[in-house]
Amino acid sequence: MSLLRAALDASAEVPFVLNTFGCVDRSSILAAADRLKQELADRKIQRLMLQSNDPALIVAALVACADAHTDLLIAHDYLDRSLIDRVIEDVGVDAVACQEAVNIRTVPGAGGPSEPASGKVLLMTSGTTGVPKVAAHTLDKLLDRIRATSSVESNLGGRWLLTYQPTGFAGLQVILTACLTSGSVVIPSDRTPVEFAEAVERHGVTHISGTATFWRSFLLAGGGTSSSSLRQITLGGEAVDQTLLDRLAAAFPDTRITQIYASTEGGALFAVHDRQEGFPAAWLDHGVQGSRLRVVDDELQVLSPRKMLGYASGQASPISDDGWLRTGDLVQVDQDRVRFVGRRDALINIAGSKVFPNEIETFLLSLPGIAEAKVRGVPSPITGQAVLAEIVVEKDTDAEPVRRATMQSCRSQLARHKVPSMIRVLSAIEVSPSGKKA
Amino acid sequence: MSEEAVLASIEAAVGEIAESKGAAQPKVTASSRMLGGELPIDSLDLATIVLRLDTETGKRPFEDGFIEFHTAGELAKLYSQS
């Protein structure tokens with residue numbers, strides 16, 4: 001019996017999904033898993049793709065596929081049909097399930113996976129910049145870090161607000177954590193700041209894991225005023241700035257605040273609990289939570305037992321032969337702390353000078369009146385690229401004075417080439433399906 | 001926007017930059033060379049002015065590549081309705 005099935009079995013009476021319509025209990029998930037397992041065996045399916053945002057269905061498919069040794073590809077529902085078809089072909093999917101897991105249809109002419117199925121879990125990257133990559137994991141490895149922390153008292157019986165896309169790595173971690181800790185997953189009726197805040201109150205949410213962008217919008221929507229039930233705040237997926245950590249600590253003085261460093265390729269790597277941005281530089285020497293870390297050409301590289309097996313979608317692997325993963329995250333070692341400065345691929349080039357959007361965003365967010373900030377490069381005929389800043393001002397704040405004061409602060413405190421050429425005031429910053437700034 | 005209106009917009013943008021640098025308000029005419037030293041701006045400021053003109057006029061004259069210009073008048077012509 002798989003670990004996942006055993007965990008669900010052990011607390012079968014605890015509701016797993018809580019939403020506007022009611023709840024789904026664990027025994028019905030196990031029943032669905034049994035039906036699907038039979039179907040997979042009868043039809044000799046090697047690699048199943050599930051395209052659904054329903055956590056109950058995702059868990060049922062995970063249990064069934066683990067039992068049947070079928071590989072499971074968990075696909076995002078927001079991708080264009082052409083991208084999905086491409087992935088199905090590249091990955092060798094031979095059957096597809098959508099809303100009803102037992103109603104699976106086989107892919108005509110599919111050759112199946114190039115290697116034998118073994119119950120692998122295949123996870124997509126967000127795919128916001130083209131064809132998503134598909135990272136192959138084992139269910140055991142995905143559960144590894146959760147298992148290590150699942151005995152912590154404050155984690156048991158939690159009600160987890162699902163802020164992430166359920167089919168992404170972070171969303172799946174939240175779903176699996178709830179599975180292993182007798183917890184429930186709370187689904188808002190709509191993924192907007194107001195509905196998130198409403199769901200927290202309605203269901204007495206105790207744990208929330210979200211991106212830095214989620215937390216800023218949650219605070220902006222007034223989510224900090226009525227969340228007395230909250231025991232755990234977790235941030236991940238994006239660089240976290242000290243201003244946000246301080247605001248969260250002030251809004252939730254008694255709540256544990258954890259920053260998680262994880263990725264679809266690297267798996268869950270480490271957690272930081274000290275409410276300071278970045279992580280201790282000592283970890284570069286000693287490793288942390290089973291992983292080793294190093295900085296090469298300003299990039300953080302990790303050697304982790306929980307990293308993916310490789311891409312099932314054929315792209316070049318970011319993992320070198322000796323097992324180190326290039327994360328694409330650039331860092332700065334500042335005495336005893338390592339801080340994230342930005343993604344390598346987000347770099348802006350202003351007349352030959354490099355600028356990290358993240359650095360300017362962090363600066364903007366530290367200024368008064370600013371609730372959210374997004375910085376990006378736009379093409380310029382003069383300097384190659386120019387810095388464009390978009391800001392959202394705090395509630396009940398006059399935008400124009402903030403914009404002017406912000407420009408003034410940038411000019412007086414930032415290096416010349418980092419000063420935004422333009423600051424636009426928006427009512428909201430666009431968020432990608434993965435919960436990060438688009 | 002007419003050429004004159006764009007020119008006025010360039011003058012306003014240059015004026016704002018001059019103010020932020022504590023420089024005297026320059027007079028911008030059609031023959032003022034943008035980077036010729038007579039205006040208190042450098043190439044980073046010029047990138048800012050171009051971005052501002054993009055937004056104000058809704059035109060993107062440089063979208064398909066760089067077009068040679070030297071004076072404020074030549075820049076205004078690129079952004080004016082032809």
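The values are calculated or read from the model by the stated rules, or taken from the named source; none is laboratory data. This structure is a prediction, so every number in the text was calculated from the model and none was measured. Here the Cβ is made from the backbone with ideal geometry for all residues, glycine too, and neighbour counts use every protein chain on show.
Please work out which one of (1) in contact (Cβ under 8 Å) with a residue 12 or more places away in the chain; (2) farther than 19 Å from A:Gly236 by Cβ is the condition A:Thr181 fails and give its number.
Answer for A:Thr181: the failing condition is (2).
Among the residues of region A:11-52, what is the count of those that are under 25 Å from A:Ser434 (Cα atoms) and touching a helix residue (DSSP H, G or I) at 6+ places or on another chain (Cβ under 9 Å)?
Adding up the residues that qualify gives 12.
Give A:Ser150, A:Ser184 a once-over and let me know the one that is over 21 Å from A:Leu40 (Cβ atoms), surrounded by 16 or more Cβ atoms within 10 Å (Cβ to Cβ) and within 19 Å of the chain's Cα centre (by Cα).
Testing whether each residue is over 21 Å from A:Leu40 (Cβ atoms), surrounded by 16 or more Cβ atoms within 10 Å (Cβ to Cβ) and within 19 Å of the chain's Cα centre (by Cα) leaves just A:Ser184.
Return yes when B:Ala30 is more than 23 Å from A:Gly384 (Cα to Cα), of a type in the set (Gly, Ala, Ser) and within 12 Å of the chain's Cα centre (by Cα) and no when it is not.
When the stated conditions are applied, B:Ala30 passes them.
Say we look at region A:383-396 and pick out the residues that are over 14 Å from A:Leu365 (Cα atoms) and of a type in the set (Val, Ile, Thr); which of these is farthest from the other protein chains (Cβ to nearest Cβ)?
So, considering only residues that are over 14 Å from A:Leu365 (Cα atoms) and of a type in the set (Val, Ile, Thr), the one farthest from the other protein chains (Cβ to nearest Cβ) is A:Val387.
Can you give me the ranges of the strands (runs of 3 or more DSSP E) entirely in region A:351-404 with at least 2 residues that are over 26 Å from B:Asp64 (Cα atoms)?
Once the strands (runs of 3 or more DSSP E) in region A:351-404 are filtered for at least 2 residues that are over 26 Å from B:Asp64 (Cα atoms), what remains is A:370-380, A:384-393.
Can you report the number of residues in region A:341-376 which are within 14 Å of another protein chain (Cβ to nearest Cβ), of a type outside the set (Gly, Ala, Ser) and farther than 16 Å from A:Gln413 by Cα?
Adding up the residues that qualify gives 5.
Output the residues belonging to region B:33-62 that are within 19 Å of A:Arg376 (Cα to Cα), more than 8 Å from chain A (Cβ to nearest Cβ) and more than 12 Å from the chain's Cα centre (by Cα).
B:Arg60
Specify which of the listed residues (A:Ser409, A:Ser434) is modelled with pLDDT of 95 or more and either over 23 Å from B:Glu56 (Cβ atoms) or assigned to a strand (DSSP E or B) (or both).
None of the other options fit; the residue is A:Ser409.
Just wondering, is there one or more residues in region A:397-415 that are surrounded by 19 or more Cβ atoms within 10 Å (Cβ to Cβ) and away from chain B (no Cβ under 14 Å)?
Taking every residue of region A:397-415 in turn, at least one turns out to be surrounded by 19 or more Cβ atoms within 10 Å (Cβ to Cβ) and away from chain B (no Cβ under 14 Å).
Only one of these is among the aliphatic types (A, V, I, L, M) and buried (at least 18 other Cβ atoms within 10 Å of the Cβ): A:Ala268, A:Ala316, A:Ala282. Name it.
It is A:Ala268.
Six or more apart or on different chains, Cβ under 7 Å: which pairs go from a residue in region B:68-82 that's part of a loop (DSSP other than H, G, I, E, B) to one that's modelled with pLDDT under 90? Could you list them?
The qualifying pairs are B:Ser80/B:Met1; B:Gln81/B:Met1.
Which one of A:Glu238, A:Glu198 is on the phi < 0 side of the Ramachandran plot, of a type in the set (D, E, K, R) and free of Cβ contacts under 8 Å to residues at least 12 places away in the same chain?
On inspection, the qualifying residue turns out to be A:Glu198.
Please give the strands (runs of 3 or more DSSP E) falling wholly within region A:250-318 in which 1 or more residues are among the aromatic types (Phe, Trp, Tyr) and closer than 22 Å to A:Gly342 by Cβ.
A:256-263, A:267-272
May I ask you to say which residue of B:Thr55, B:Thr48 is more than 21 Å from B:Ala23 (Cβ to Cβ), of a type outside the set (A, V, I, L, M, F, W, C) and part of a helix (DSSP H, G or I)?
B:Thr55
State which residue is nearest to the other protein chains (Cβ to nearest Cβ) when the search covers only region A:309-340 and only residues that are in contact (Cβ under 8 Å) with a residue 60 or more places away in the chain and over 29 Å from A:Ile74 (Cβ atoms).
A:Arg339
Which residues, counting only those in region A:416-431, are of a type in the set (Gly, Ala, Ser) and either within 14 Å of another protein chain (Cβ to nearest Cβ) or assigned to a helix (DSSP H, G or I) (or both)?
Within region A:416-431, A:Ser421 is the sole residue that qualifies.
If a residue has to be without any contact (Cβ under 8 Å) to a residue 40 or more places away in the chain and under 27 Å from A:Lys44 (Cβ atoms) to count, how many in region A:71-92 make the cut?
5
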